[in-house]
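What follows is a set of notes on a single structure, which appears directly below.
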Amino acid sequence: MQQHLETRAVTAGRPTVAGAPLNEPLCPASNFVLGGDREYSRDDGTPTWEAFEAVVGSLEDAEAVAFSSGMAAIAAVFDQLPAGARIAWPEDCYQGVAAMIADGERLRRWTGSRLAVEDTDAWCEAAGIADLVWIESPSNPLLEVADLRRISSTRRAPGSILAIDNTLAGPLGQQPLELGVDISVQSATKHLGGHSDLLCGVATTRRPELADQLRRHRELRGATPGAFETFLATRGLRTYPLRAAAAAASAHELANRLEAHERVGRVRYPGLASQSTHHIATQHLTSFGSVISFDVVGGAAEADQACSRVQVVRHATSFGAVESTIERRAAIPGQYHLPPELLRLSVGVENVEDLWADLSQAL
Ligand SMILES: *Cc1c(COP(=O)(O)O)cnc(C)c1O
């Protein structure tokens, strides 16, 4: 029988020889004694990276290529494009990606058209002509959900790539390769690592030629993951299913309570029936995840005050870790499309009643 994902997170990527440690040890090597199958780690990898790649690959039934960060993995996908390529990308997405695409437009590396995440017809039309369709779903921080199944089954430009930033859902929340996407990328800095103590990224694909191209990019651009980071990320992956399930259960409960709170306006969480794409979320997502965005009544100043009052939740950026964090995303330069009073809450694994008491007093 095929193992369940929770089991694979624990069993994959372990040494098998008798007498070996149960976990792949930290191997901080640049070079190896000649005559074996590794010479230099930037070219040939290390056992520590490969253990991490084996776990992620097992979770997605795919080849996984690890990078130094999520942005390095994303840049590796964009680097596959020919000069003057056409890309379609989402209005709501990670701000680093938006900045990278703007830089590429300025350097005339590509031309982009920016689409609303939930406008499936526009994505299907763009897929017919774009060299790269870059989707983020659920998107960060507005938690909009794209109809990946419809977009991936539409007629696409020959030789084009359909890629997704799946950081927000993670492989236990959404399996984009199953939904027909060519490359799924995530920042392992978030759910996979899960403890706010590392930077790492990973791309997965079931197309061997794309995996080879991504590895070649990593080797020649030097976007290699760190030994310690991949060691920690593998350790994080072992408990990822437990952390993700606990955090998602709390997030759903908190989203319901926030929706009923008098100091809170619109709440965005894919699990709420009030969301316009809830029906797509229920088809595509196996978990609604641990991130909630909500508007604070009274505007940006009130939202900032709420952030300054939290005590259990930490006022900090990022998401997907054991500790809950909250942040006003419009305070970040370049995020002009966001409501100024929107807070993004990443729910961790603390007791949900402690989180609610803290949020209630902060609001
Ligand atoms: C954090 C994040 C990234 C970038 O990942 P890094 O590991 O910080 O480079 C990309 N996309 C999304 C959705 C993210 O949340």
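At a glance:
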read-out: Residue match in the stretch 94-106 (condition: in contact with a Ser or Thr (Cβ under 8 Å, 6 or more places away or on another chain) and either of a type in the set (S, T, N, Q) or farther than 25 Å from Leu345 by Cα (or both)); value: yes
read-out: Which listed residue is more than 11 Å from the ligand (Cβ to nearest atom) and either surrounded by fewer than 24 Cβ atoms within 10 Å (Cβ to Cβ) or over 9 Å from the mean Cα position of the chain (by Cα) (or both), from Leu177, Leu199; value: Leu177
read-out: The stretch 93-120, residues that are among the hydroxyl-bearing types (Ser, Thr, Tyr) and within 16 Å of the ligand (Cβ to nearest atom); value: Tyr94
read-out: In the stretch 137-160, the residues that are under 18 Å from the mean Cα position of the chain (by Cα) and either within 16 Å of the ligand (Cβ to nearest atom) or among the aliphatic types (A, V, I, L, M) (or both); value: Ser137, Pro138, Ser139, Asn140, Pro141, Leu142, Leu143, Glu144, Val145, Ala146, Leu148
read-out: Strands (runs of 3 or more DSSP E) fully within the stretch 54-146 counting 1 or more residues that are more than 30 Å from His279 (Cα to Cα) and touching a Pro at 6+ places or on another chain (Cβ under 6 Å); value: 63-67
read-out: Some residue of the stretch 79-89 being under 16 Å from Arg218 (Cα atoms), within 16 Å of the ligand (Cβ to nearest atom) and touching a residue at least 24 places away in the same chain (Cβ under 8 Å); value: yes
read-out: Output for the stretch 278-299, where each listed residue is surrounded by 20 or more Cβ atoms within 10 Å (Cβ to Cβ), in a loop (DSSP other than H, G, I, E, B) and not aromatic (Phe, Trp, Tyr); value: Ser287, Gly289, Ser290
read-out: Condition broken by Glu178, with the remaining ones in (1) assigned to a loop (DSSP other than H, G, I, E, B); (2) touching a strand residue (DSSP E or B) at 6+ places or on another chain (Cβ under 9 Å) satisfied; value: (2)
read-out: Residue check for Leu254: within 16 Å of the ligand (Cβ to nearest atom), crowded, with 21+ Cβ neighbours inside 10 Å and either assigned to a helix (DSSP H, G or I) or modelled with pLDDT of 95 or more (or both); value: no
read-out: Tabulated pairs, the stretch 161-188, first at positive phi, second more than 8 Å from the ligand (Cβ to nearest atom) and modelled with pLDDT under 95, C-beta under 7 angstrom, 6+ apart or interchain; value: none
read-out: Among residues of the stretch 183-204, those that are farther than 14 Å from Met71 by Cα and assigned to a strand (DSSP E or B), counted; value: 2
read-out: Residue identified as charged (D, E, K, R) and closer than 19 Å to Ala203 by Cα among Asp92, Asp37, Asp103, Asp44; value: Asp44
read-out: Residue in the stretch 14-31 that is touching a Lys or Arg at 6+ places or on another chain (Cβ under 6 Å) and crowded, with 20+ Cβ neighbours inside 10 Å present; value: no
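The values are calculated or read from the model by the stated rules, or taken from the named source; none is laboratory data. None of these values were measured; they are calculated from a predicted model. Every residue, glycine among them, receives a Cβ derived from its backbone with ideal geometry; neighbour counts consider all protein chains shown.
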